[in-house]
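Note sheet for the following structure.
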Amino acid sequence: MSISYTISKLLRVLAGAAISLVCCISCTGCSSRVDQADIADLDSQHPAFRAVALHKVAHENNTDYLARQIELLADEDPAVRFYAISSLKELTGTDNGYHYQHSSDSRRAAIRKWQLWLSERERLTLQQQE
């Protein structure tokens, strides 16, 4: 086994543990925690708060924060990326080819698709308002 394979495997295990921890934090008594969450925590310096805020956005079916959710697809924390794509998928019905655990290059390409999707959505919304 090579060192890079071992490190890669270790990182996947750690990412899974981080996601499990966030799931525990956000889903224990899920509805009460989500109700108490603050959407402003999308900008928190704490990954767990960002993750819970993402869960709240999806729980409330709130599409006002799509741009921020798309930004969080590039978050350094895999749990935040997981919740960002989960909430986007719940709100839009698609993942646009994004996978939170893929390489940063692969994620960047999918994030670009999300940005183009959002631009088109905003353009159509403006057209409908005219």
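Per-structure values
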| item | result |
| --- | --- |
| Sequence ranges 122-128, 39-45, 51-57, ranked by mean other-Cβ count within 10 angstrom, highest first | 51-57, 39-45, 122-128 |
| For peptides 65-76, 105-116, sequence by mean Cβ density within 10 Å, most packed first | 65-76, 105-116 |
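Bear in mind that the values in this text are calculations on the coordinates, not laboratory data. What you see is a predicted model, and the numbers here were worked out from it, not measured in a lab. Using ideal geometry, Cβ is built from the backbone for each residue, glycine included, and neighbour counts are taken over all protein chains shown.
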